[in-house]
Structure formats: C-alpha cells, structure tokens
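Peer 1: Shown below is the structure under consideration.
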Amino acid sequence: MTGRRLRAIGALTLMTLVLAGCESLSTGSLSMPQIFDSPGDEETVVARQVEFPADEYAKLDKQGSAAVQGRLTYTAPGGDTVIGADELISVAPATRYAAEAADVALSGRKIEPADPRARAYTHTARTNADGYFVVRGLPAGVFYVAGSVLLPGGDARSPIIIRQVELTAGQARDVDLSR
C-alpha cells in the first residue's frame with residue numbers, strides 16, 4: 001500500500017474509534033455539535049472528559065432492522081465537488097460520549113481513541129465509486145453518521161462531515177453527507 005493510502009486508512013480508523021463511544025441520553029434534545037472550521041493543533045491529542053459508561057453499554061442494542069443511505073461529497077474551497085469514492089462511513093450512537101468526540105473532531109483536533117468496547121456499537125460501510133453508501137442492521141435510536149473525503153493530490157483529507165439521524169425499527173433514512 002502507498003503511504004497516502006495508509007494515512008487515509010489510519011485517519012478513518014481513528015475517526016471510527018473516536019465516534020465509537022456510547023452513553024444513553026435520557027433527557028433533553030439532541031443537536032449536532034457546532035462545526036468549527038479552524039484546523040486546530042494536530043499534534044495535540046485532547047483527553048476525553050466523559051468516562052466510558054460500561055453499564056450503559058449493556059442496555060444498548062447492537063443490531064436492528066434500520067438503515068441509513070446517502071452520498072459522501074465535499075465542496076473544496078475552489079468550488080469543485082470531490083466525490084467520496086471508496087471511503088469509510090461510520091455510524092455511532094449519538095450519545096454524550098460520542099458527542100464529546102464529535103465536538104473535538106469537528107473543531108479540527110484529535111481526541112484520544114474511544115474505549116475498545118465501543119466498537120461493537122459502531123457500524124461501518126464503504127462508499128462506492130460514486131460516493132454512495134448503505135449501512136444496514138442498525139438498531140432504533142439516534143446516530144452520528146460520519147465520513148471524510150481524500151482530497152485531490154492525496155496528501156490531505158476534507159474536514160470530518162457528520163450528520164445526526166433518528167431511526168425507528170425497520171426505517172431507512174437518506175443522509176446527505178456533504179459539506
């Protein structure tokens with residue numbers, strides 16, 4: 001594999017681990033974290049403030065009959081649309097644990113990886129050559145759907161793109177994963 005490909009895989013693996021955390025949200029409304037466009041200090045890894053809630057994990061469903069589908073694209077500063085071909089899409093429960101990671105990622109910073117036990121609650125899929133994806137087998141609930149696009153030249157990635165969706169059992173939702 002080329003160095004460019006390995007960096008892309010590493011970045012997406014980190015994103016998946018970052019968003020993999022779960023904690024039950026029982027009150028309040030859910031909202032997407034504010035998106036910050038500043039690149040941040042890529043050398044600094046932000047320590048997690050929210051503890052991994054092992055007792056809450058035991059109450060969450062890992063599989064279900066819902067699905068999300070959509071397309072991953074990024075509009076570059078010059079106005080060109082870049083298709084997210086063969087990119088990893090991550091779907092994680094939208095919880096305080098995951099929201100903390102999403103806030104940090106959207107601000108352009110890195111957060112320490114999620115607890116490895118969170119992986120069982122995160123679903124992933126790859127986009128096709130045209131940037132389309134389908135993630136099946138999701139339980140009912142509220143989720144963050146996330147991805148990023150390898151930019152032309154292959155040396156950099158787009159900022160992370162995250163959308164929040166609510167799913168009921170058996171439902172399929174369209175997600176416009178573009179920025």
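Every number here is computed from the coordinates shown, using simple stated rules; none is lab data. Since the structure is predicted, the reported quantities are computational estimates derived from the model, not experimental observations. Neighbour counts run over all protein chains shown; Cβ positions are idealised from the backbone, glycine included.
Peer 1: Name the residues in region 104-121 that are in a loop (DSSP other than H, G, I, E, B) and surrounded by fewer than 23 Cβ atoms within 10 Å (Cβ to Cβ), would you?
Peer 2: So in region 104-121, the residues in a loop (DSSP other than H, G, I, E, B) come out as 107-109, 112-115.
Those that are in a loop (DSSP other than H, G, I, E, B) and surrounded by fewer than 23 Cβ atoms within 10 Å (Cβ to Cβ): Ser107, Gly108, Arg109, Glu112, Pro113, Asp115.
Peer 1: How many residues are of a type outside the set (A, V, I, L, M) and over 16 Å from the mean Cα position of the chain (by Cα) when one looks only at region 139-172? Write out each step before concluding.
Peer 2: Initially, region 139-172 is screened for residues of a type outside the set (A, V, I, L, M), giving 139, 141, 143-144, 147-148, 152-155, 157-159, 163-164, 166, 168, 170-171.
Next, from what is left, pick out any that are over 16 Å from the mean Cα position of the chain (by Cα): 139, 152-155, 168, 170-171.
Summing the residues that are of a type outside the set (A, V, I, L, M) and over 16 Å from the mean Cα position of the chain (by Cα) in region 139-172 gives 8.
Peer 1: Another one. When region 125-138 is examined, which residues are found to be more than 14 Å from the chain's Cα centre (by Cα) and either in a loop (DSSP other than H, G, I, E, B) or free of Cβ contacts under 8 Å to residues at least 24 places away in the same chain (or both)?
Peer 2: Once the filter is applied, which keeps residues that are more than 14 Å from the chain's Cα centre (by Cα) and either in a loop (DSSP other than H, G, I, E, B) or free of Cβ contacts under 8 Å to residues at least 24 places away in the same chain (or both), region 125-138 yields Asn128, Ala129, Asp130, Gly131.
Peer 1: If you take the residues in region 135-150 that are out of contact with any Lys or Arg (no Cβ under 6 Å at 6 or more places or on another chain) and small (Gly, Ala, Ser), which one is surrounded by the most Cβ atoms within 10 Å (Cβ to Cβ)?
Peer 2: Gly147
Peer 1: When region 84-100 is examined, which residues are found to be in a loop (DSSP other than H, G, I, E, B) and either within 9 Å of the chain's Cα centre (by Cα) or under 13 Å from Val142 (Cα atoms) (or both)?
Peer 2: Taking region 84-100 first, the residues in a loop (DSSP other than H, G, I, E, B) are 84-87, 94-95.
The answer is Ala94, Thr95.
Peer 1: Give me a count of the residues in region 57-87 that are crowded, with 17+ Cβ neighbours inside 10 Å and of a type in the set (D, E, K, R).
Peer 2: Of the residues in region 57-87, 2 are crowded, with 17+ Cβ neighbours inside 10 Å and of a type in the set (D, E, K, R).
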